[in-house]
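All remarks here apply to the structure that follows.
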Amino acid sequence: MNKMDEDFLKRIRETFRIEAEEHLRILSAGLTELEKKPPEKRAAELIENMYREVHSLKGAARSVDQKEIESVCHPFESLFAALKRKDIVLSPRLFDILLKAIDILTRLLSTDGIVKTPAERQIHKDIINQLKKAAEESPSDTHGKEYPDFSGEPQTEEKVIVSETEKNKVSGVAESYEPAMAKVVRIPVSRLDPLLLQSEELLQTKISFDQRLNELKDVNVRVTGFKAQLSKYSIDVPETAKMIHDEYHEFAGNCLSEMENRLNELQHSIEKDQYTFNRLTNDHLGEVKQILMLPVSSLVESFPSMVRDISHEHNKEVKFNITGMELEVDKRILEDLKDPLLHLIRNSLDHGIGKPHERTEQNKPPSGTINLEFKARGSDMIEIVLSDDGKGIDTENVLKAAVRSGVISAEAAENLNRDEIISLIFKSGVSTSSVITDISGRGLGLSIVSEKVEKLNGKVSVRTEKSKGTSFHILLPVTLATFRGILVKTGEYMFILPSVNVVRVLRTESGEIKTVENHDTISFDKKVIPMADLGNVLGLQEPGNKTTELSSKSSDQICIVVLTSGDDVVAFRVDDVLDERQVLVKNLGKLLTRVKNISGATVLGSGNVVPVLYVPDLIKSSISAQEKVSRPVAAGITPEKSAKILVAEDSVTARALLKNILETAGYQVSTAIDGTDAFTKARMEGFDLIVSDVDMPRMNGFELTAKIRNDRKLSEIPVVLVTALESREDRELGIEVGADAYIVKRSFDQTNLLEIIRRLI
Amino acid sequence: MKKEIIAVLKNRAREMAREPEEQTSSATGDFLIFALAGEIYGIDVAFIREVYPLRDFTQLPGVPSFILGIINVRGQILPVVDLKKFFNLPEKGLGELNKVIILHNPAMEFGILADNITGMQPVPFDAIRTSPVSVTGIGSDYLKGIAPGNVIILDGEKILNDKKIIIHEEVT
Amino acid sequence: MAELLPTIEDQIVVFTLDELKYAIPLHSVKRVIHAVEIRFLPEAPEIISGIINVQGQIIPVVNLRERFALADREISLDDQIIIADTGKRQIAIVVDSVSGVNDLAQVPMKEAGKILPYAKNMKGVAIINDELILIYNLEKFLSLDEEKLLEKAMKTKKK
């Protein structure tokens, strides 16, 4: 073993010891509380907790190759599993065994798992046997048998006696053991976050430091330039003025020389400072990041029980293995990984692993296997592989689902190869599950998985073979790092575009833009690609205004950024590309969980906050923006945006909210305070759609809908009922009276409402 | 001093001298008092992380108008909500006195815009009367009630936990 | 959650007097009210400009302008009165306006003892938005003599 490995092992053992101490502390505290006979609910909770603790301890012991500890943990865990299932009940004797086991584990920990004497070894064997034995007892066996009366089991008794005596011998030695105390303080993770923020601010300062230094260098170069120019500069002056001229010339030259020297000195010392500052910042940030690295186990510890629960629910048998739990990953990445991983696991359980009889028919063992592996890839990447030995992904079903949901056209589907078809599962709306179950099949899951992974600068891929199994591979950086982005300007706004998505930045003649079927396009690399205006796509200005402004500003030169995501390539027109720089992306806070087109924000050296654009969204948006521009031109009518909507709602808040949402989406909105008011207004003005609450004074939403349907003039207007009522009867009543859609307030979200309205108008 | 001014001061002194109607010995909360669209509001300091001056903010494209934008608070990006827009209150314009009150609970954190901060005031919880009608455009859902001095007490918990404020938009 | 909030000890209430900024610790501030009529209190020390009645409680008004050596002026309608607790008693101070609450954890404060050893009633100096803010300790605001005189004057009043 070389030195590095030794060091590593030492470090990891130390980590293990700290972790194990914590597990043991919780275990013995739990045991003490259990002995006091807490209420049943609390007892169950404690048992569950302790079960998990001992399980984690076992896993951790295994990962650092502490076989002795693992061997004691194993029956310990089985015992708790039995307690959980209520196969056995707690008895004073059981407490005794458990306490002894914890004792032994504590001692093992303080000796680094090394067993010194045969006597000790015997004690271990005994405790393992006792634990095993105790786990196998049925409740009736232990019932009524109070310790020490277990004469029915002479074998065990004998062993206990042996171990008691042995224990006495050992405990004499035990006095000399150093208690396993480590110099560690526990700090709540929440306290660490501001620390990281601060060091990231430092990084920000470092970046602006670099920029300032470059500016200074620029000034320096210019001063040198002036000096050179000045020395060449000579004019013919009359002899009389020559002396004054020469003197002045010399004076100016001296001034410039002095300034040049001063600037050189300044630049030199700032460069030195910068070097020191950079080193300090990097070290500091490195340390802080190290602090924020958590073992993968903190993420996955709840997974096994979840898998167990779901597989029981679905009558499936699943073996779930996790490896590589000791790898350390930035806490924020772990947090963002939780949902995607849970989703993938649920998918495997739901779609992948078949029921035992299905599996047996395919000559597979009745119980399926799901493996979750975490592997280090180099020093800064981690690979996560989630594999199952299930049915595999049925490419035909995927294709059908994709065509059904309109992700691709039937013609396009013909030409796809196998890999391309499989990658379709990451598109939103594709779900192969024929029944929407509560665990998966909504057709959104995998698209969210790939989106989350992409946001973490990672990649997700899938390998599958029919009836053999499926494996998802996620490759991720272990720390959140800065990335390069280009700073662009459109109108008054500045944005960052991640450089990874930028194919090229170019300036070209506006004449290069060709309109094909009402879509702007541009040739790029001998291909014709769609082009959109960034400001229009982001909705910063009304389509149309731009062209006039542009033609007046500069008809020749335009600035274009060619962006890519997946297979799509789209050109975006911007007003200016300012520079390329290192950026540190930050999330937008808990309130803005998902903003379209934007993945986060960064702080410039000047302190300005600039949004970082999310290119996959941008490309999707550019397509719908194109449609918005082209449709009115083609049809020659007013755009759909100006559709008029009447909102009937008696609550002021809800009314204001609905109005706000709809107006933001570009509709003209009028409001009515109840059904009667709404009906009057609807008869007086023409509306394209009515959104109504159900529960309102004077005339409720059902009555209003019925009245509208029976009115000759109004009968065709779509009606959307938004309601707090949730019963099936109400929903049916709503449909019966003629409502076109029925949205329950509890599940209300604006995209849902807007989508329904878009469909109806 | 002008007579009118003296009269006003005397009047105020008389008002101030009046002893509270019922001497409540109940629990008292500290409330931050601020002005918004011409009304005086109070919010329990338990929900307030800090008050931050609004110097500069960045608008985000494509979000509802009640999201004023995002600000940088010592390295942390925080969204700022304009309650005037959210509740449809009359617009009084952005003055120089704009402050951001950063609301926070373990699950949520964002700033709300205030026209001006008046200060802190202890208010006994049972002095907060539920108002029969919502005085302003703010629905009773978001109000705890009215405290003496016509201070409208906002329900910090409700506002922080309101799912309607959360922006979660997918591009379809 | 609680530990994330700045502790109240770190917060100060900043107010203005003749364009100058001063501050007192937030924990000593009971409330802020609009200017009201101040009744002159005979026999009180000069530093006391009078008394006000806040919901039945008689509170002496400390004349800050006198203490800070600012030109005296009559109370105006826009003035604000801070009711504060000195530890011994409640006092009221008339200020031009209260400009807000600041957190000293964010704005470093220089201890007064180091820079101004003679300023016994000062807690420190902070700079917020380029403005110098003098932070005072209310506990030592009145001298012992003043306290005694005030005590006496208040007693007479009660009679």
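Where a number appears in this text, it was derived from the coordinates with a stated rule and is not lab data. Please read all numbers here as calculations on a predicted model, not as lab measurements. With ideal geometry, Cβ positions are generated from the backbone for all residues, glycine too; neighbour counts draw on all protein chains shown.
Structure notes:
- Relative contact order (%) - criterion: Cα under 8 Å, at least six apart; region: segment A:191-291: 57
- Between segment A:290-323 and segment A:363-425, the alpha-carbon center distance in angstrom: 21
- Over chain C, dividing the summed -39,500 (n - 2.57) contributions of all DSSP H runs of at least 4 residues by the number of residues returns a 222 nm mean residue ellipticity of -4000 deg cm²/dmol.
- Counting only other chain Cβ atoms within 10 Å of each residue's Cβ, the peptide B:55-68 averages 6.
- Cα-only Debye scattering, segment A:337-412: base-10 log of I(q)/I(0) at q = 0.16, 0.21, 0.23, 0.28 Å⁻¹: -0.79, -0.97, -1.01, -1.18
- For the residues of A:592-601, the average number of beta carbons from a partner chain within 10 Å of their own beta carbon is 6.
- For the peptides A:328-336, A:700-708, A:501-509, the ranking by mean Cβ contacts within 10 Å, running from highest to lowest, is A:700-708, A:328-336, A:501-509.
- Residue pairs, from the table A:355/A:459; A:84/A:338; B:10/C:140, whose Cα atoms sit over 28 Å apart: A:355/A:459; B:10/C:140
- Extent of segment A:196-337 along its three principal axes (Cα atoms, max minus min coordinate, largest first): 110, 26, 20 Å.
- Charge dipole (Cα centre; +1 on Lys/Arg Cβ, -1 on Asp/Glu Cβ; no other charges) of segment A:191-291 amounts to roughly 300 debye.
- Less than 5 angstrom separates the built amide H of residue A:88 from those of A:83, all sequence-distant by 5 or more or on a different chain.
- Cα gyration tensor category, rounded, prolate or oblate, for segment A:451-544 with a/c compared to 1.5: prolate
- Full-extension gain in nm, residue A:760 to residue A:234, via 0.36 nm per residue minus C-alpha separation: 181.4 nm
- Put in order of Cβ neighbour count within 10 Å, fewest first, the listed residues A:226, C:141 become A:226, C:141.
- Normalised Debye scattering of segment A:641-760 at q = 0.19, 0.21, 0.22, 0.23 Å⁻¹ gives log10 I(q)/I(0) of -0.96, -1.22, -1.36, -1.51, counting only Cα atoms as equal scatterers and leaving out solvent.
- Built amide H within the under 5 Å cut-off of residue A:612, gap 5+: A:496, A:599, A:600, A:601, A:602
- Based on C-alpha pairs under 8 angstrom that are at least 6 apart in sequence, segment C:33-133 has a relative contact order of 19 percent.
- Given R0 = 22 Å, the distance between the Cβ atoms of residue A:36 and residue A:99 translates into a calculated FRET efficiency of 0.95.
- Ratio of Rg to Rh over segment C:19-159 (Cα coordinates, Kirkwood Rh, two decimals): 0.96
- Straight-distance crosslink candidates among aspartates and glutamates, where the alpha carbon sits under 12 Å from residue C:30 and sequence neighbours closer than 8 are dropped: B:30, C:85
- Under-5 Å amide H pairs with residue B:68, H placed in peptide plane, nonlocal only: B:80, B:81, B:82
- In this structure, the pairs whose alpha-carbon distance is over 18 Å, taken from A:319/A:364; A:289/A:452; A:86/A:125; A:400/A:466, are A:289/A:452; A:86/A:125.
- Ratio Rg/Rh [Cα only; Rh per Kirkwood] for segment A:68-115: 1.04
- Taken along its three principal axes, the alpha carbon spread of segment B:45-165 comes to 40, 30, 26 Å, from the longest extent down to the shortest.
- Surface/4 estimate of mean projected area, convex hull on alpha-carbon atoms of segment A:295-477, nm²: 10.4
- Between residue A:323 and residue A:12, the contour length at 0.36 nm per residue exceeds the alpha carbon distance by 110.4 nm.
- Highest mean first, the peptides A:47-59, A:248-260 sorted by other C-beta atoms within 10 Å per residue fall in the order A:47-59, A:248-260.
- Size of segment A:259-332 as Cα extents on the principal axes (Å, biggest first): 83, 18, 13
- Legend: mean number of C-beta atoms from other chains within 10 angstrom of residue C-beta atoms, peptide B:42-52, equals 3.
- Between 0 and 90°, nearest 10: helix C:144-158 axis offset from chain C longest Cα axis: 50
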